[in-house]
1. Select from the range 329-380 the residues that are surrounded by fewer than 22 Cβ atoms within 10 Å (Cβ to Cβ) and of a type in the set (S, T, N, Q) and write down the one among them that is nearest to residue 68 (Cα to Cα).
2. Could you please find all residues in the range 96-126 being in a loop (DSSP other than H, G, I, E, B) and either of a type in the set (A, V, I, L, M, F, W, C) or touching a His at 6+ places or on another chain (Cβ under 7 Å) (or both)?
3. Would you check if residue 49 is of a type in the set (A, V, I, L, M) and modelled with pLDDT under 95?
4. Kindly indicate the residue of the range 109-126 that is over 18 Å from residue 234 (Cα atoms) and among the aromatic types (Phe, Trp, Tyr) and also surrounded by the fewest Cβ atoms within 10 Å (Cβ to Cβ) among those meeting that condition.
5. Scan the range 359-371 for residues that are at pLDDT below 95 and among the basic types (Lys, Arg) and report the count.
6. Give the range 312-356 a look and list any residue that's touching an Asp or Glu at 6+ places or on another chain (Cβ under 6 Å) and farther than 21 Å from residue 33 by Cα, or say none.
7. Would you kindly identify the strands (runs of 3 or more DSSP E) lying entirely within the range 246-337 that contain at least 1 residues that are farther than 30 Å from residue 134 by Cα?
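The values are calculated or read from the model by the stated rules, or taken from the named source; none is laboratory data. The structure displayed is predicted, hence computed values, not measured ones. All Cβ positions, glycine included, derive from the backbone under ideal geometry; neighbour counts span all protein chains shown.
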Amino acid sequence: MPMKSIAIAALALATTAAPCLSAETNMKNLDFDLAKVTRENFYEIVVPAAKAEGTVTMYNFAGSFADTWKELITRFETKYGIKVAYSDVKGDQANQQLIAVQSAGQDSPVDAYFAGGGGYPLLSTKGVVGNIPLTKILPNMANYDPVLAETVFGKSHGGSFPLVHLNQTAVGYDSAFVKVQDVPKSFDDLLAWAEKNPKRLGVTLPAKGGSGSGFIYSVALNYLSGECRKQLTDYNKTLQQAQDWAMTSHCLQPVWDYYRRLLAVAELTNGNADTLNLINNQQLYMGTVWEDQVMSFLGTKQLPETFRLTLLEKGQVGSGDAIFVPANAKHVASALLLIDMAMSREFQLWKLENKASRSPRLDVTNDLMPEATQVHVLPKDVYPRLSVPAFWDMSTALAEALDEKVLNQ
């Protein structure tokens, strides 16, 4: 997750103007000289080209984000007069569609794609991701987190696959039933609370929700050390390598032992929303959650105002989702302009205040939120201190191994 305390020198390096050399890009449909675009001349070159295109197509893989992107589209169309053709898609299906189109050498059906951050290894190896250093040439990425400007979950992307939305897994609880002094501070505390309060803790099934898959990786981070932890956090592992390790390694015995005890007293839920609904119905008092989804549920009165969030010591997984331009997009200039507005401080602030969607911008922070909203997001004493980077391929591997080692026993 964002390292807010990173050296000023690194930030300066990330914000240095850097043109995209045409010889280095894989973009197939360019009506302007991308090689000449810098942060300083971006609008001068890109706006006329975008207006000449007149339209841009956007895909959104996250159903909960539809209203967010409609807000952006309204702002974009009003400012630039460029029509946005918008579609909600299923991420896996859209990924496969773009891979097939790329393989066939056809034009992409989408110009700006809001995709799961964990999709970068697959999409990049298939040539789908346009090689444009967005974080280096878009004006509204001048204050972008320097670490995320170059990498996504340990994978180098060179600026082509920037996260536009950050989210955080957490432990959520109804403070009407959980006293302040009883709020767990560690994974051991959480287990002890669950054993003292049987069937009042909900743990999302890792295969059915990101809060659950983030939780199992967080548990592993908490209990593994030395060479075992090194293997767990080796981002160079492919999904297959992670699966092989998770299924065979002795390192993970503490994780399986923890889950056996936990699931004997906790409720295994069928998804992120299922966990929240059970808390809202007072069947559960505590559960694994996503911070931004909690805000959405609060906004529609699907959670009580007494709902609160915390993070456990040694950390819980933070993640995010990216927006990028496919290599064979037809309306590149318009896509660049749309992504630039998505990263504007004004829109990122609106997104934070209304969706608890955290920002990769260093100048968009919790203290800018209304006080009434701040009580429902993670407090400053735990976030970002206890936010740890996701490794979704390893999370997937752990979830699959959990089935064999614990759930199916």
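1. Restricting to residues being surrounded by fewer than 22 Cβ atoms within 10 Å (Cβ to Cβ) and of a type in the set (S, T, N, Q), the top hit is 354.
2. Once the filter is applied, which keeps residues that are in a loop (DSSP other than H, G, I, E, B) and either of a type in the set (A, V, I, L, M, F, W, C) or touching a His at 6+ places or on another chain (Cβ under 7 Å) (or both), the range 96-126 yields 110, 111.
3. No; evaluated as a whole, the condition is false for this residue.
4. Checked the range 109-126; the qualifying residue surrounded by the fewest Cβ atoms within 10 Å (Cβ to Cβ) is 114.
5. Qualifying residue count, the range 359-371: 0.
6. Correct list: 355, 356.
7. 267-269, 286-290, 307-310
Yes or no, residue by residue, for (1) at pLDDT 95 or above; (2) surrounded by 24 or more Cβ atoms within 10 Å (Cβ to Cβ):
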{"residue": "251", "(1), (2)": "yes, no"}
{"residue": "255", "(1), (2)": "yes, yes"}
{"residue": "261", "(1), (2)": "yes, no"}
{"residue": "290", "(1), (2)": "yes, yes"}
{"residue": "296", "(1), (2)": "no, no"}
{"residue": "301", "(1), (2)": "yes, no"}
{"residue": "320", "(1), (2)": "yes, yes"}
